[in-house]
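Heads up, the thing below is written out as structure tokens.
The values are calculated or read from the model by the stated rules, or taken from the named source; none is laboratory data. Bear in mind the structure is a predicted one, so any value in this text is a computation, not a measurement. For neighbour counting, all protein chains shown are included, and Cβ atoms are generated from backbone atoms with ideal geometry for every residue, glycine included.
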Amino acid sequence: MSDRLSIQNELKELNSPLSGQVPRMPYAVPTGYFETLTGQVLSRIRQEEVDDELASLAPGLLKTSRQTPYALPTDYFKSVQIPVTPSAPVVPLFRRTWFRYTSAVAAMLLGVTIWLNQDAPSGTTGSAGAAVVIQYKEDLQKLDEGQKDLLQEFVEAGMTGEETAQLEKSPALQASLLADISEEELTDFLEQSEPITSSTEMNN
Amino acid sequence: MPLQSDAELLQAFRVPETRESAYTQLIRKYQERLYWHIRRLVVGHDDANDVLQNVLIRVWKGLDGFRSDSQLFTWLYRIATNECLTFLEQQKRRLSISLDQEGSAHLADRVRADQHFDADKAEWKLQLAIQELPEKQRLVFTLRYYDEMPYGEMSQVLETSEGALKASYHHAVKKVEDFLLNH
């Protein structure tokens, strides 16, 4: 027998007018009371913990008002407007110009090394070159699709191993290569390279 | 996080990292039942809120020492009941009321002062009748009639024998009946 039924039977036996009635509480509770109760209680608990700690450390401080005595201009918080500065655009690492050039140069140097080793007489560095090619192919296979896309992007930047190899040899070629790069891109590259230079200097 | 059993909540409460979350769940689980138990005894919402917050703080401080000899729910009711009785006692002293009957009259006045009070409605008449009861009978009646508490559990909450509780309840029901017939 359920508790409710048992209570109803009990009331029936006592011939009470409450028998057969559903208990209802007429009192009202403020809206949202039960949603905020936990927060209020936890806040009181934290305050009591701070008070207890203070009572053991410096009981005299408990009697001191915790109100900050500094005055504020009237309606300060209503009138204050915090200027919102536009946040700097976030450029992914592989989209940064300096990173693209550095990566392209590294990839081209690797390509030139492989090419030089392939042309070497057989029995000398040829076998070493073949080993590098095999290693290179293996490394390529290990790349995931995302990394392959990035590599493709570097290649599409318009530079080849040949250009890089000749870059240091011919100032004229260097000038012609740089002619394809806008002033803005060069400035951007130099600006973005600054921290690296500084840190290199610091390390040195 | 879903509601857990009392045992799981108690276990989580004893771990510092999950203490607050377990306590929050515990409050959410029992807050309404405790609130109404308190509200029926102290009548006003503000007083009920004060008493309930004191109860919940006592629970926070005492839960580590709860040894599961009784049900958690019974333990919570015992704390709530004791806190209510202390509050009513303090209120009587503050209002210089010494007799039980006068204290009841004061609570009946609080019922009438409620903004939703309607003397013609049965549920409000019943509240007035309950406030006319002596303190112990009021407790037994509300725990049985509204909270549907078995005598065995009530015996643990009020630390009184089941036989005495049954007798109290029967007296209370008769007095309520008289009140309803005559008002």
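Taking every residue in the range A:102-116 that is on the phi < 0 side of the Ramachandran plot and pairing it with any residue that is surrounded by fewer than 16 Cβ atoms within 10 Å (Cβ to Cβ) and not in a helix (DSSP H, G or I), at least 6 positions away or on another chain, the pairs with Cβ-Cβ distances below 7 Å are A:Ala104/A:Ala157; A:Met108/A:Thr160. For first residues located in the range B:146-164 and without any contact (Cβ under 8 Å) to a residue 12 or more places away in the chain and of a type in the set (Asp, Glu), partners that are part of a helix (DSSP H, G or I) and surrounded by 16 or more Cβ atoms within 10 Å (Cβ to Cβ) and lie 6+ apart or on another chain with Cβ distances below 7 Å form the pairs B:Glu148/A:Ile7; B:Glu162/B:Tyr151; B:Glu162/B:Ser155. Residue check: is A:Ser16 within 14 Å of chain B (Cβ to nearest Cβ), at negative phi and at pLDDT 80 or above? Criteria met by A:Ser16.
Here A:Ala130, A:Ala120 are screened, and the one residue that is surrounded by 11 or more Cβ atoms within 10 Å (Cβ to Cβ) and at pLDDT 65 or above is A:Ala130. If you check B:Asp120, B:Asp147, B:Asp178 for being touching a His at 6+ places or on another chain (Cβ under 9 Å) and of a type in the set (Asp, Glu), only one passes: B:Asp147. Among the residues of the range B:27-36, not a single one is in contact with a Phe, Trp or Tyr (Cβ under 7 Å, 6 or more places away or on another chain), modelled with pLDDT of 95 or more and buried (at least 21 other Cβ atoms within 10 Å of the Cβ).
Selection over the range A:3-13 of residues that are within 15 Å of B:Met149 (Cα to Cα) and either of a type in the set (D, E, K, R) or more than 9 Å from chain B (Cβ to nearest Cβ) (or both) gives a count of 6.
Could you tell me which of the residues A:Val29, A:Val22, A:Val80 is within 38 Å of the chain's Cα centre (by Cα) and either among the β-branched types (Val, Ile, Thr) or at pLDDT 85 or above (or both)? Exactly one residue qualifies, and that residue is A:Val80.
Taking the options B:Arg14, B:Arg67, B:Arg39, name whichever one is touching a residue at least 12 places away in the same chain (Cβ under 8 Å) and among the charged types (D, E, K, R). After applying the criteria, what remains is B:Arg14. Take the conditions farther than 23 Å from B:Arg112 by Cβ, under 17 Å from the mean Cα position of the chain (by Cα), aliphatic (A, V, I, L, M) and within 13 Å of another protein chain (Cβ to nearest Cβ) and apply them to B:Leu158. Does it pass? Answer is no for this residue. One residue stands out in the range A:19-49 among those that are facing chain B (nearest Cβ under 7 Å) and among the aromatic types (Phe, Trp, Tyr): the one that is surrounded by the most Cβ atoms within 10 Å (Cβ to Cβ), namely A:Tyr27.
Checking the range A:1-16 against the condition returns a match, with at least one residue being touching a Gly at 6+ places or on another chain (Cβ under 9 Å) and either among the polar types (S, T, N, Q) or closer than 24 Å to B:Gln115 by Cβ (or both).
Screening the range B:129-149 for residues that are more than 19 Å from B:Tyr35 (Cα to Cα) and not charged (D, E, K, R) and picking the one that is farthest from the chain's Cα centre (by Cα) gives B:Ala129. Search the range B:86-111 for residues being over 20 Å from the mean Cα position of the chain (by Cα) and of a type outside the set (A, V, I, L, M, F, W, C), and hand back the single one that is modelled with the highest pLDDT. Filtering the range B:86-111 for residues that are over 20 Å from the mean Cα position of the chain (by Cα) and of a type outside the set (A, V, I, L, M, F, W, C), the one modelled with the highest pLDDT comes out as B:Arg93.
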